[in-house]
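Structure first, then comments.
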Amino acid sequence: MKRRSMKSLAETISKQVEHFNQTEVECLIVEFNALLGEPTSPGRAATGLERGKFRSILHNIFGITNDTMVDRVFRTFDKDNDGVVNTKEWIEGLSVFLRGTVDERIKHCFYVYDFNGDNNISREEMFHMMKDSFHRLSTEEDPDEGIKDLVEMTLKKMDHDHDGRLSLTDFEHSVREDNLLLEVFGTCLPDPMRIETFEQHVFQELK
Amino acid sequence: MDNQLLSQCLKEIDGQVGLDPAAVRNEVELLKLLCSEGEKRVLKSVRYTSDYVFPNGCRTPPWRQALNEICYLVIEPCDTETLHITCSTAGYFLNGGIKQEGEESGYERTSDTYEDLEALLKSTSPHFAENTNKQESAVQELPSTQEIQHVKSVDAKEQGQPKLTMQDVLSTRYKNNFELFPLWRTLEYRCGFGKAKENTFSLSESSGEEKSGKIQKRTTGMGAKPKVKAGFSVSSLPGCMSSRKIEAEKKKLSESSGEEKSGKIQNRTTGMGAKPKVKAGFSVSSLPGRMSSRKIKTPAVAVPVDAFSETSDESSEEEEPARRQDSNTAETPEYYLIQKLVKYLTHGNQMVTVLTLYHMMDLNLMQEACQLAIWDLGGLQVLINLLDTVEYKCKIGSLRILRIISHNVHIRRAIVDMRGLKGIVKTLDSPIKQLKALAAETIANVARFHKARRNVRRYDGITKLVKLLDYFPNLAKMTGYQENDVDVALYGALALWSCSKSTKNKEAICKAGGIPQLGRLLKSPDENMRIAVVGTLQECASEESCRMAIQTKDMIKDLLKNLRSDNDELQIHCASAIFKCAEDKQTRDLVPMYKGLQLLVSLLSKADNKELLAAVTGAIWKCSISMENMAKFQDYNTMETLVGLLIDQPEEVLVNVVGALGEFAQIPANKTTILKCGGIRSLMKLLKKTNQMLLVNISKVVGACATDMDCMAIIDELDGVRLVWSLLKNSSADVQSSAAWALCPCIMNAKDSGDLVHSLLGALDLVVELLESTNNEVVVSMCAVIAKIAIVKENMAILADLGVIQLLTKLASTTDDKLRRHLADAVCQCCMWGDNRTAFGEAVAPLVRFLKSKDEAVLQSTALALFELSWNPHNIITMHERGVVKPLIECMHSRNETLQDAAAGCVRNMRMMANANRDARLYK
């Protein structure tokens, strides 16, 4: 990409996206392009990171390893649902990922956990996210039993309006009470150490 | 050759043995366990007659080994006389009492032969029989022990050593030592951290192998009711679990104990009527984290079943009287909830772990039952292990629980015993502030006893904690500071406070540069922070190296500023920091600069808070060591207030008040003030206390006041001399010497002091006795007292009878100036009477050496003593031989007239004698 076109792109994006200034956006674009690498199929320029590439980025750079979560995070990044994360989506996503406010993070997590997009996390969704969470549990005991129990307990605590499912308000309420609940149903944000490493790596030229 | 023959012989004997030495040894070891302390003990003592063990395990002399005798025992039962027992391959029997080896008559058998020791003891000691039966009855319904044996050997491989009752222990005697260790391991194993698995195996296997046939034989014939067994183990639990609970436990254990072994269990337990699982339940149920009892070498077997694992438990505690108040962890719904949560914690992935930790926060974590349940159910170990993971959310969750439950004494100990501090200290390095704060807070709670504090230091925790103080924002640029940062620093300070109670930690804090950091935090607007900081500082102030760092201008200023706060706790710590620091002159001079003296005096009015009063009076005491300060104190009428505090105060306060009065009494005018306020009277009453520090201080005041005739009159009237004299009987050398110093002016100034001393029964004996004390200060003070006593002829005569001359002569070889001075004084005074001058003949030569001293006081006393001695011609000859003249002439150069006179007098006497000698020769 040409230097000038990148500058203008960075300028437009930085106006739309919070938390990053223009130079930082530039750095992120550079990083994006680096991650994009050579187009997979020659002739057709890649418009963005496709699912597989994004998965390995999440895996290696941000330490998000659970397949379900990786999938869901991809969907939150890929706002226009075209199967690739383009430059703008990348920077928008990272804005939350790296520097998101508590509110933004809560929303991000909530949408990750809300599979069917009905603005509620249902029992079934929780169960789905927690399946395979137990290992080495007894042969005699049904592993699902424990998960079901845990889901009920969790729901009981977090469902403030008692409608049997978690709305965004419920979720927000709980997380504000106890920030440990932010990623309660699975890691979908990078941890502080990884954020620091990534920022250092990407923004090193600025320092 | 002889050796060869002997060992060959021994081998042969060995071959014939039926009851082998190992079996005997085990039986004896077991009996030794029964000799526990307390009412419930069964035997007083069990011991061998000989400590030497032959290679074949026998303790008898070889010629007796030939008769198949293995060893001799001396057992003291509680009710009958001492039993002398021979253990031979044929069995046990009483002998005629072997007192000395080689005395053949003692070896004879005087009773029937019994198959085992227990039977013998039962037949001879009704008490023993009764107690063992009692314990047996509790176990009667156990499954046949033969079966237990089977299971046990398998079982041991699975989960370590099950806890057993008296009877079981008797039958499986060797396993005692391993008992609790594998249990602990098992816990780890169960928690899915099976690092120690192999360990457990090897240990318990070895214990299993030792099994001897005899044991099995003896314990057959008991009813086989496995259920009761489970019931028994329940009773050993703190929280009496129902059998339902056992079922659950059972299940879990058998599951977690690994499939690969289960087949084996099945094989080996055939022939046993009961289900193998019962066994599993058994050991699980007695599992609850009793790790701390690992240390105990002698499990309280003699104590009836119920208290089995509890009583002996924490007996080796040093600082906190930790004894678990058990048996009220009733089977609450919460208990099951905890059990479930711990299970999730153990088996869940990271997500479940965080979620479970979240739910655990809902438990009533401040409640002891809940805390202990978490521990007992293995949760504590899991929480600690979580700190080793990389997942910061798990760590946060875990520490949030640990910091709360660590308020419990037992949990604290358990955390340390599980080496939990290592992980916690390591967490201080985390870049996440919340984690740092949590870890520091937990350390603040845990480091309440010595071992914990040592561990924190060993893991380099002190340095890390000091680093946390950096997080406190620089007040100059408060912008951009976060609440988090303050928290980190606050908990860091709190943790340091806890740690600072160990001497080495104080040094470590100082070394890590903690003192200036703490000084910076003294300016914090947060009162809690200041309390923690001042608390740490005042702890550290007891170390000289730390004091040096504290004594900066600013810190004293800030301490005094905080002393003005209206928070009692803060005031207490500030005052005691000043108390400790004012040992050094620099601080003493700084305190008045910031109007500290006035402040301290004004705080004396807060007499209700004894702790504060103690600290404040201490600070006044130390500050008054400087004369300038004392003058200021006098302006504030401090002495009157202090004298008022001599009545109805706790000893901590009294020590300091009296100490301060001791300083004030250095000035003559103040003695009258003390007298006028009735101080002497109060002090005399306090002489009956036992606090040694207090007695030392009282002696000092009394000694100082006794130089004032008015005061002395009152002391006399109140029989004070006798009271002070009786302090010489105190065991503390400090008290002895300070009392002796106080006696000197008393003897000088008391009315009819000669009669007084004479009338005190045994008083002079005591003085002479203490002259042989190993403490130099005591000896010095006794010399001083003797110098005063010897003024009265009759008393001197008694002293001489008690051999004081010889003792003083013996002391003359000293090189200590202080002792030399007072010794010379004593010699000088003694010489005044009778033929003591002659008696001191041997002391002359060493006394001449005293003249080499640079100390003028020594020179003066020595010169005086030599002058007295020089009235005896033999002494003069000795002096002359030792070259006394030259130093004496030097002494005459001195400006000290007494010294001049004495030296000159001595030389004069020498000349006189020389002249007389010459005359005698001339006019013969």
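Things to note:
- Per-residue mean of foreign Cβ neighbours for B:680-689 is 0 (Cβ atoms of other chains, 10 Å radius).
- Dipole magnitude (debye, nearest 20) for the range A:115-181, charges at Cβ of Lys, Arg, Asp, Glu: 180
- Cut-off 15 Å (backbone N to label point 7 Å along Cα→Cβ of B:ASP648), residues of the range B:603-635: B:606-610
- Residues B:ALA669 and B:LYS595, FRET efficiency given R0 of 25 Å [Cβ-Cβ distance, rounded to 0.05]: 0.50
- Averaged over peptide B:351-362, the number of partner chain Cβ atoms lying within 10 Å of each residue's Cβ comes to 5.
- Modelled label positions at A:HIS162 and A:GLU199, each set 7 Å beyond Cα in the direction of Cβ, lie 4.3 nm from each other.
- A simple spin-label model places pseudo-atoms 7 Å from Cα toward Cβ; at A:ASP149 and A:GLU50 they are separated by 4.5 nm.
- For the range B:816-829, 3J(HN,Hα) per residue [Karplus equation, 6.51 cos²θ - 1.76 cosθ + 1.60, θ = phi - 60°, Hz, x = Gly/Pro]: 7, 4, 5, 5, 4, 4, 6, 5, 4, 4, 4, 4, 4, 5
- Across B:LYS506/B:LYS632; B:LYS44/B:LYS122; A:LYS156/B:LYS433; A:LYS53/A:LYS79, pairs whose alpha-carbon gap is larger than 25 Å: B:LYS506/B:LYS632; A:LYS156/B:LYS433
- For the range A:115-181, the alpha carbon convex hull comes to 91 Å³ per residue, rounded to a whole number.
- For chain A, the relative contact order works out to 22 percent when only alpha carbon pairs closer than 8 Å and six or more residues apart are counted.
- Loop-resident GluC sites (Glu not before Pro) (DSSP state other than H, G, I, E or B) in the range B:747-817 with no more than 13 further Cβ atoms inside 10 Å of their Cβ: B:GLU772.
- In degrees, nearest ten, helix A:143-158 long axis to first principal axis of chain A (Cα): 80
- Exceedance of the 24 Å cut-off in Cα-Cα distance is limited, within the set B:LYS788/B:LYS818; B:LYS422/B:LYS580; B:LYS523/B:LYS610; B:LYS729/B:LYS788; B:LYS557/B:LYS580; B:LYS689/B:LYS751, to B:LYS422/B:LYS580; B:LYS523/B:LYS610; B:LYS689/B:LYS751.
- B:ASP734-B:ASP554 FRET efficiency (beta carbon distance; Förster radius 45 Å; 0.05 resolution): 0.80
- Those residues of the range A:89-105 whose amide nitrogen sits under 18 Å from the label point placed on A:ASN33, 7 Å along Cα→Cβ: A:89-92
- Sequence of B:CYS830, B:CYS370 once ranked by neighbouring C-beta atoms within 10 Å, starting from the fewest: B:CYS370, B:CYS830
- Across the range B:786-803, coupling constants 3J(HN,Hα) worked out from phi with the 6.51/-1.76/1.60 Karplus curve, θ = phi - 60°, read 4, 4, 7, 4, 5, 5, 8, 4, 4, 5, 4, 4, 5, 4, 4, 4, 7, x Hz, and Gly and Pro carry x.
- Extension gain from B:ALA631 to B:VAL74, taking 0.36 nm per residue of separation minus the Cα-Cα distance: 193.2 nm
- Label-point separation, B:VAL390 to B:ALA914 (7 Å along Cα→Cβ), nm: 9.6
- Once backbone amide H atoms are built at 1.01 Å from N, B:SER773 has no partners under 5 Å, excluding neighbours fewer than 5 places away on the same chain.
- Oblate is the label for the range A:1-120. Its Cα gyration tensor axes, ordered a ≥ b ≥ c, give a/c of at least 1.5 and b/c at or above a/b.
- Computing FRET efficiency as 1/(1 + (r/R0)^6) for B:ASP566 and B:HIS407, where r is the C-beta to C-beta distance and R0 is 22 Å, gives about 0.20.
- In order along the range B:614-623, phi translates into HN-Hα couplings of 4, 5, 5, 4, x, 5, 4, 3, 5, 5 Hz, rounded to whole numbers, per the Karplus curve 6.51 cos²θ - 1.76 cosθ + 1.60 with θ = phi - 60° and x for Gly and Pro.
- Exercise: per-residue mean of other protein chain Cβ atoms within 10 Å, A:153-163: 2
Every read-out reported here was derived from the displayed coordinates using simple, explicitly stated rules and does not represent laboratory data. From a predicted model like this one, the values you see are computed outputs, not experimental measurements. In this analysis, Cβ positions are derived from the backbone assuming ideal geometry, glycine residues included, and neighbour counts consider all displayed protein chains.
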